[in-house]
Structure formats: structure tokens, C-alpha cells
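Participant: I have a structure here, written as C-alpha cells, and I will follow up with some questions on it.
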Amino acid sequence: MSLLNTITSPVDLKSLSDNQLADLCSELRTFIIQELNISGGHFGANLGTVELTVALHAVFDSPEDHLVWDVGHQAYSHKVLTGRRNQLHTIRQKNGLSGFPKRSESPHDAFGVAHSSTSISAALGMSCAAKLQASNRHCIAIIGDGALTAGMAYEALNHAGDLKADMLVILNDNDMSISHNVGAMSKYLTRLLSSKFYTGIKNSSKKVLKIIPPMLELAKRTEEHMKGMVAPGTLFEELGFNYLGPIDGHDLPTLLATLRNIKRMSGPQFLHVVTTKGKGFAPAEADPIKYHFVNPGYLQALEANAPLSKPIPLTYSQIFGAWLCFMAARDPLLVAITPAMREGSGMVEYSQQFPERYFDVAIAEQHALTLAAGMACDGLKPVVAIYSTFLQRAYDQLIHDICLQDLPILLALDRAGLVGADGATHAGSFDLSFLRCIPNIVIMAPSDENECWHLLNTGFAHKGPVAIRYPRGSGIGATIDRDFCIYPLGKSNIKHTGTKIAILAFGSMVAPALAAGSELNATVVDMRFIKPLDTVLIDTLLDDHPYFVTVEENAVMGGAGSAVNEYLAAIGACKKMLNLGLSDQFVDHATPAQQLSDEGLDKAGILERIRAFILC
């Protein structure tokens, strides 16, 4: 009988022997490989943490003990072992499992994640709560080497060491190899340094040596240097953690022994675990970037030597990447910055063609923006490629370092609006609302691929801060005129001339608004600019359009429609107004079409809501 089929909760792992746990790891890895062939999902990271996940649940007692997964790309094994095995095939689908840990989904998901580098802060907060509540629960943060590049992680480490918090931070390092010799010595020392014997001797020795302070200091220094010779943990020791590792994250016996020892230890513990992305699936081990995510049917595609996914029309990310190369060839002052999103933002070709002008700052959005500000101060022309949802993390830098100084920086905001299966955590639902209130910034939204190209030209030519937001995936398939056309600032484009109803559409909503507006014989305007707003055009529509409708793929509260409302109120124009946009809720994962339909932002929804508005 399959061991995996007997696991309904982590409690079931307690009765298994270490050999059975190893068999469980093998079954779990095979299960994930097969299930993601049905559903698709994050692949390499999940295969890389099978042993670590099994070991954690075998040693600790979730949900009483809190496991906080950073980002959550690697948490599929965790979901399977915590009673969600039969739902894994629904992952990232409407009404199915979230692709990330989610508190409302399971009590075993101690903290909702998806943005990087939050786990240590959250686990520290839980540790503080446990102390104040006199609880013995363990708090564990599992963070990747990529996420550890963000400043927030070090802020939390610094604070945890200062508090001497009872918590464990596990660094899941999948970008470093361990040689056999160093690995064997490291494995031995980690088990030794985490053992009762060692910690007992160390604590007893400290008591004795306190009588002779110079000897205590010498002992401390000797221990640090001896550990530093074989373990790269000096930084974490200096921050107040007891550093252990690195150990092989696929060596289950060592993982189990080490975690069992750590469970008995108090104070801040830091365990360095080295894993391989895509472990157990040779193509993913060979190309972890390609297999970061797989689509349904990837096994059949691999067997047929076919691409992992079907060809799709040019995406907005690819258009941005092509434009970046085009403009960099024209202007030697252009520099491009990304916070660890080279592939997702379409910047691979640029990074290869212009390596001296390409800056990947790792997962450090705040630094990315202020770096751009420094470059702009000295005459460079920075372009910052950043997902809309991640720009939120650098809001102070945007206001204080860029807009307050009115610096010429172009922000290319990818994934603006809803993002489908990645769900609420990755949706760019709020950028128009939080950008519009900042002085000096220009905000643009293209309605198709060609307009995206020319708005990028327009933004790059502007002498101040500019944000251009575009959606995830492909547009309507418009042909791109790859020249250096620049649009007049704040000038919109009438797509259809009608009567009575004026539909002012922004960005991705122009296409469905035009389809609905044509059926209603409405005037439909591609606004292009959210700030400055085309008030001249709005003025011309006032006399013969009693109904005004705005449509945007952004939170309706404070968004582009609010800008129109504010202008009409300021000039005393009394119009019947309907603002269509994202409702006051977080939109769960589903396909993009399902999400837009649920929000009433497809053609049918726009038609229905405008007709009801006119009749009321």
C-alpha cells in the first residue's frame, strides 16, 4: 500500500520509521511530478524541498508549531502532507487550492505569503507572541537564498538576534554546491554542534570561564574561527544566531537528526540547507529556470520533444524587452534595472546585448528605485522594470527619492491589473490609485501592443518621472510600428463616435469597452493617460453626452475613474457617472477571463452594467 495515501495530516508521519520517511519522500516527489502534469504549477522549487518538508513535519507539530514558507513556491509538499493531497490537481484554478500558503485555506498555513522575504519577520512575530503567551510552540521560517537578498530579511535577523528569540530560520540554498569532502565534514560538525553533548559542554564551559573573562573571550573567538573554517556562518553568528550547516537538504537522515537536536535548543537558530531545484527530475535539474513553472501536459510535451507550452502572441513583457534593446541602441545613456525579474520582465536579450548597462539588484525593490534616482541625478536615463505588485514595496522611495526630486525615470509596470492563477498576491490592482496622488508623475496605460511601444517612447522622452502600466500576457495582436513616434502628453484617442454615452476606457479595458460601446452606439475613448488627464476632450463631450462611464482594470476606489469624477466635480459639471473597475475585494485565483467576468469587466459585464445604469 502506498505510504502517501495513509497520510491525512502531519501526525501520521510520527509513526513512520526513518526508512519509511525516505520511502515517503520518493512517493511524494513522484506524486508532484504526476499531479502537475494535470494542473501545471511551480515545479522546480517544489521538487527541491521534498525531504526538507517531510523532515519538518516529522519532527515538529504543525499547526501548533508554525511553519512559515517564504514566497511559497516550494510549499506544494506541505499542502499534500497537511490534508490537501486530493486537491493538488486543482492548484491555481478557480475555487481550487491557492498556489501559495493561505491562512484561510488551512490551519497549517501559518502565514499568508507570495511576496519575497517576509518569513523571518512573521516567524519572529509569532515567537514574540509565544513568549508573551507562555507557549512552547516552535516558530520556523524557511527562506530561499534568493529571498535572503532583500533587506527586510536582514532587518528581521538583526531584530531576532537582539531579542534572543526562540526561533529557527532555515536557509534553503539551491544555488550553491557542496563538495563531498567539505559536505561530509560539515555534516559531521552540524550534527555535533547541534547535539546535547556539545551544547551542554558549551554552556557549562561558559559558566566556568566567566570567572576568567579573558579565557571566556578566547574560547568564544576560537569557536568562531573553527566554525568559520568549515561553515560560512560568520555573518549569522554576528547577528546573534547559532549557525548550523551547510548540510545536504536531500540527506534525510542528517536532516532529521539535525532538526531533532535543534528542537531541544533555545534562542535563535540558523540552519543552512543546500538543495537542488528540480531534484529527481533530470530535465529540471539541468534547466531550473525553464522548469520553474510547468503547464499541464508537460510530460507529454517532453516525451514528444515539443515545447513546454504552446506558442502565444507576443506578450507585453516581450514588447518591453524588444523596445528596451531598440532604445538602448539609440541612446547610450539608457540603463535598465530589475529587482530579480529578468526573465519575467522580458530583459534577457537586453542583458546579453548591453551587460554594462544592465543592473539586477536582486530582490530589493527599495534599492532599485533609489539606485535609479542616483543614476538619474548624474545624467543617466534609468528604466526600472518592476511588477506592479512589487512596486508597492518601494512606495517611500518612489515618493521621496524620485518624484519629490522630479527625476527622469521610466517605471515599466508589468502585471498591472489581474494576473490569473497567481491570484490576489500578485495582482497589480492598486497602482493607479497609489500613483495618482503623487505630484510630478505621469501615468500611462496602453490599449494594445503598438500603443505600448509608442507610450514607452513617450515616457522615455519625458523629463520627469513616468509610470507605464501594462497587463500580464498578450494583447489584442496589434501590429507594432517599431519607430520613435511620441504621443502628445495627456492626449487621448477616440475609438468610436456615438451619442449620449461617453465611455472613457483605460489601458487593457479599451478592447472590451469598445466591443460593448459599439453595440450601444456610445462614444468610446482610449484615454491613454491617467495623469495628466485629457480634460480638453472631456470638455468636448459634456454637451451631448449625458451619461459618462469609466472603465479600468484597477481598484475603482481612487483609480482613473475617480480622476474623471474629481475633474467633473471641480468644474461643476453634473453628469450621471458610472465607474467600472475592480471591486473592493481581493480577487482570488482563476483564469484571467474568469476573473474579468466575475468583476463585470468583460464585454457582457460592461454591457449589462451600462444598460442597468441608463435605466435607473
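No lab work stands behind these numbers, since they all come straight from the coordinates. A quick note: this is a predicted structure, and the numbers were derived from the prediction, not measured. Heads up, the Cβs are rebuilt from the backbone with ideal geometry, glycines too, and the neighbour counts pull from every protein chain shown.
Participant: Can you tell me the length gained on complete extension of the stretch L541 to T479, counting 0.36 nm per residue apart and subtracting the Cα distance?
Facilitator: 19.3 nm is the gain from fully extending L541 to T479.
Participant: Let me ask something additional. Going through the range 403-509, which trypsin sites (Lys or Arg not before Pro) have at most 12 other Cβ atoms within 10 Å and a DSSP loop state?
Facilitator: Taking the range 403-509 and a limit of 12 other Cβ atoms within 10 Å, the loop trypsin sites (Lys or Arg not before Pro) found are K463.
Participant: Something else now. In µm²/s, what is D for the range 235-394 at 25 °C and 0.890 mPa s, where D = kT/(6 pi eta Rh) by Stokes-Einstein and Rh is the Kirkwood radius from Cα pairs?
Facilitator: 126
Participant: Right, something else. For a quick check: sort H159, H426 by the number of other beta carbons within 10 angstrom, fewest at the front. Could the numbers behind the result be given before it?
Facilitator: Values: H159 17, H426 22.
Lowest count first: H159, H426.
Participant: Further question: Checking the table K164/K277; K79/K279; K531/K603; K94/K495; K131/K263; K500/K603 against a 23 Å threshold on Cα-Cα, which pairs fail? List each step's numbers first, then the result.
Facilitator: On the way: K164/K277 32 Å; K79/K279 18 Å; K531/K603 26 Å; K94/K495 34 Å; K131/K263 16 Å; K500/K603 19 Å.
As for pairs spanning more than 23 Å Cα to Cα, those are K164/K277; K531/K603; K94/K495.
Participant: Helix 196-209 against the longest principal axis of the chain: what's the angle in degrees, Cα atoms only, rounded to the nearest 10?
Facilitator: For 196-209 against the chain, the angle is about 80 degrees.
Participant: Using θ = phi - 60° and the Karplus form 6.51 cos²θ - 1.76 cosθ + 1.60, what ³J(HN,Hα) does each residue of the range 69-81 get, whole Hz, x for Gly and Pro?
Facilitator: 8, 6, 6, x, 4, 9, 9, 5, 4, 4, 5, 4, 7
Participant: Quick one: Y358, Y76, Y291, fewest Cβ neighbours within 10 Å first, how do they rank?
Facilitator: The most exposed by this proxy come first: Y358, Y291, Y76.
Participant: Could you tell me the calculated FRET efficiency between E519 and S9, based on Cβ-Cβ distance and R0 = 45 angstrom, to the nearest 0.05?
Facilitator: Calculated value: 0.25.
Participant: Let me ask something else about it. If the chain between C616 and A304 were fully stretched, how many nm would it gain, using 0.36 nm times the residue separation less the Cα-Cα distance?
Facilitator: 106.6 nm is the gain from fully extending C616 to A304.
Participant: Taking Cα atoms, how many degrees apart are the long axis of helix 365-377 and the longest axis of the chain, rounded to 10 and kept between 0 and 90?
Facilitator: 60
Participant: Relative to the present Cα-Cα distance, how much length would full extension add between T499 and E566 at 0.36 nm per residue of separation? Numbers along the way, then the final one.
Facilitator: Numbers: separation 67, 0.36 × 67 = 24.12 nm, distance 2.32 nm.
Length difference between fully extended and current span is 21.8 nm.
Participant: Note down, for the range 387-512, the three equivalent ellipsoid semi-axes (square root of 5 times each alpha carbon gyration tensor eigenvalue), biggest first, whole angstrom. Show your work: numbers first, answer last.
Facilitator: Numbers: eigenvalues 110, 73, 44 Å².
Each semi-axis is the square root of five times an eigenvalue, giving 23, 19, 15 Å.
Participant: Give the percent of DSSP beta bridges with both residues in the chain that are antiparallel, rounded to the nearest 5.
Facilitator: 15
Participant: Could you pull out which residues in the range 280-307 have an amide N less than 20 Å from a spot 7 Å beyond the Cα of Q34, following the Cα-Cβ vector?
Facilitator: Within reach of a label on Q34: 280-284, 294-304.
Participant: Under the Karplus relation 6.51 cos²θ - 1.76 cosθ + 1.60, θ = phi - 60°, what is the ordered set of whole-Hz ³J(HN,Hα) values for the range 3-18, x standing for Gly and Pro?
Facilitator: 3J(HN,Hα) across the range 3-18, in whole Hz: 5, 4, 5, 8, 8, 10, 7, x, 4, 5, 6, 5, 8, 8, 6, 4.
Participant: Now for a separate question. Apply the Karplus curve 6.51 cos²θ - 1.76 cosθ + 1.60, θ = phi - 60°, to the phi angles in the range 522-537 and return the couplings in whole Hz, x for Gly and Pro.
Facilitator: Each residue's phi maps through the Karplus curve to give 9, 7, 10, 10, 7, 6, 6, 10, 8, 8, x, 6, 7, 6, 4, 5 Hz.
Participant: I've got another one for you. By DSSP, what percent of the beta bridges with both residues in the range 316-469 are antiparallel, rounded to the nearest 5?
Facilitator: Of the beta bridges lying entirely in the range 316-469, close to 5 percent run antiparallel.
Participant: Computed from the mean reciprocal separation of all distinct C-alpha pairs, what Kirkwood hydrodynamic radius does the range 300-388 have, in Å?
Facilitator: Its Kirkwood hydrodynamic radius stands at 14.2 Å.
Participant: May I pose another question? Give the long-range amide H neighbours of I443: residues separated by 5 or more places, or on another chain, with amide H under 5 Å away, using H modelled in the peptide plane at 1.01 Å from N.
Facilitator: It is A467, I530, K531, by chain and number.
Participant: Hey, can you grab everything whose amide H is under 5 Å from the amide H of V169? Only 5+ residues off in sequence or another chain; H modelled, so Pro and N-termini drop out.
Facilitator: Those qualifying (amide H under 5 Å, at least 5 residues apart or on another chain) are A141, Q269, F270, L271.
Participant: In what sequence do C485, C574, C325 fall when counting other Cβ within 10 Å, fewest first?
Facilitator: Numbers: C485 12, C574 9, C325 18.
In increasing order of surrounding Cβ atoms, one gets C574, C485, C325.
Participant: Further, regarding this structure: Over the chain, what is the relative contact order in percent, taking alpha-carbon pairs closer than 8 angstrom and at least six residues apart?
Facilitator: Computed value for the chain: 11 percent relative contact order.
Participant: Let me ask something additional. At what distance in nm do the modelled label points of L404 and A573 sit from each other, each positioned 7 Å from its Cα along Cα→Cβ?
Facilitator: That separation, rounded to one decimal, is 3.5 nm.
Participant: Report, to the nearest 10°, how far helix 213-230 tilts away from the longest principal axis of the Cα atoms in the chain, using its own Cα long axis and a range of 0 to 90°.
Facilitator: Helix 213-230 sits at roughly 70 degrees to that axis.
Participant: Also, I was wondering about something else. May I ask for the percentage of alpha-carbon pairs in the range 316-469 that lie more than 26 Å from each other?
Facilitator: Summing the P(r) tail past 26 Å for the range 316-469 gives 15 percent.
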